[in-house]
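What follows is a single structure, written as structure tokens, with notes after it.
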Amino acid sequence: MNVLKSKNNPSHPGFESPLLWRGLGEASGEAINVQHISKSYKDVQAVRDISFEVQKGELFGLIGPDGAGKTTLMRILMTLLIQDEGKAAMDGFDVIKDYKQIRKMVGYMPGRFSLYQDLTVEENLSFFATVFKTTVAENYELIKDIYIQIEPFKKRLAGKLSGGMKQKLALSCALIHKPEILVLDEPTTGVDAVSRKEFWDMLKKLQTKGITILVSTPYMDEANLCNRVALMQKGEVLQIDTPTKLVENYTRKLYAIRSNDMHRLILDLRSFEKTDSAYAFGQYLHVTGKDDEVEATEFEAFLLKNNHKELEVFDIQPTIEDVFMNMMKE
């Protein structure tokens, strides 16, 4: 599996040097600040002691599977939930005390399509512009590149749009009041690969206009498109860094292995005393040894002894998925 090369790094213009945090809401370089946020639902700990900062103009990703706590955290930041512990601020405004100001200056796209399905495309857009006391014409330049793709369907009911078109309409509505921060909860879930790529291209263009973007996704390949990411699992942040550094810090030997019987292959490898982990990645298994002294030839000899045919074993470079799976084990 190829690791996507990100052009973004800490010296990229999308990053601003963190300024001294003088108290919640006073750091001019920070768009989002989260300090020790925790939230529980009855017996379920949704998020646990989460802290991070997002710099102005940064595209920051919350990466993790369903149940990782991404949506709960975003709802807290959007003033839709109150945390049990900790503090958070959006552009210096406290998410509890200053919720009215936050709702005026942040654009939000929830995970579930939440526009009015019995209104047309243009009616939805006009409605949201009116709610924020603006007009479509006033901020049209901001959404132009997105809206022109759905404009031919402006008379169509929102409920009749395809998944990709619904996505573009929801993004247009979230942007129509020219927000300083854009919060997107799994915006590409359930859409085709072409629409996913188009959506991320749109986010990159919005970032060049100075908009800070916080996006969550369960797709590990999308992590490579962010300036920095927080890898999340079971309500906790495992690590925060740039995608490039996360991969560079993975120092274990990693092998790609396949044979003519992939089901038996994974069972045999997981039973091998020298195997530490074996996971399916497309047409291959990604395999690590108990220690870095375990060589590819040892896996090959073991599998040949167990009558595996059409065997391939070779070294590979890790991906974000490999980094995440290794952190989950630890």
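What follows draws every value from the coordinates through simple rules; no lab data is involved. Quick caveat: nothing in here was measured; it's all calculated off a predicted structure. Cβ coordinates were reconstructed from backbone atoms using ideal geometry, including for glycine residues, and neighbour counts include every protein chain displayed.
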Taking the chain as a Gaussian network, where each spring joins two C-alpha atoms under 10 Å apart, which residue of 278, 301, 129 fluctuates the most? 301
To make sure I understand, if each residue's beta carbon is the centre and we count other beta carbons within 10 Å, what order do 114, 259 fall in, fewest to most? 114, 259
Residues residue 134 and residue 327, FRET efficiency given R0 of 45 Å [Cβ-Cβ distance, rounded to 0.05]: 0.55
Expressed as a whole number of Å, what is the distance separating the alpha-carbon centroids of the stretch 29-98 and the stretch 102-159? 26
Relative packing of 134-147, 47-60, 92-105, which averages over residues the other C-beta atoms within 10 Å, highest first: 47-60, 92-105, 134-147
Place a point 7 Å from Cα of residue 101 in the direction of its Cβ. Which residues in the stretch 60-76 have their backbone N less than 16 Å from it? none
Quick check: residue separation of residue 293 and residue 236 times 0.36 nm, minus the Cα distance between them. What number comes out in nm? 17.3 nm
Hull shadow area, averaged, the stretch 118-186 [alpha-carbon convex hull, nm²]: 4.6
Using the Kirkwood radius over Cα pairs, work out the Stokes-Einstein diffusion coefficient for the stretch 255-329 at 37 °C and 0.692 mPa s, in µm²/s as a whole number. 265
Residue-averaged 222 nm ellipticity for the chain, from DSSP H runs of 4+ at -39500 (n - 2.57), nearest 500: -8500 deg cm²/dmol
Relative contact order (%) - the stretch 256-298, alpha-carbon pairs under 8 angstrom, separation at least six: 34
For every other residue with a beta carbon closer than 14 angstrom to the beta carbon of residue 72, add +1 if it is Lys or Arg and -1 if Asp or Glu, then tell me the sum. -1
Considering every pair of different Cα atoms, what Kirkwood radius, in Å, is found for the chain? 21.7
For a paramagnetic label modelled at 7 Å from the Cα of residue 283 toward its Cβ, which residues of the stretch 246-276 fall within the zone defined by backbone nitrogen distances under 17 Å? 256-263
Hey, which of these cross-link pairs are over 19 Å Cα-Cα: 56/100; 56/104; 168/205; 253/329; 70/245; 70/204? 56/100; 70/245; 70/204
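Figure the gain on full extension for residue 119 and residue 315 (residue separation times 0.36 nm, minus the Cα-Cα span) and round it to one decimal in nm.
65.1 nm
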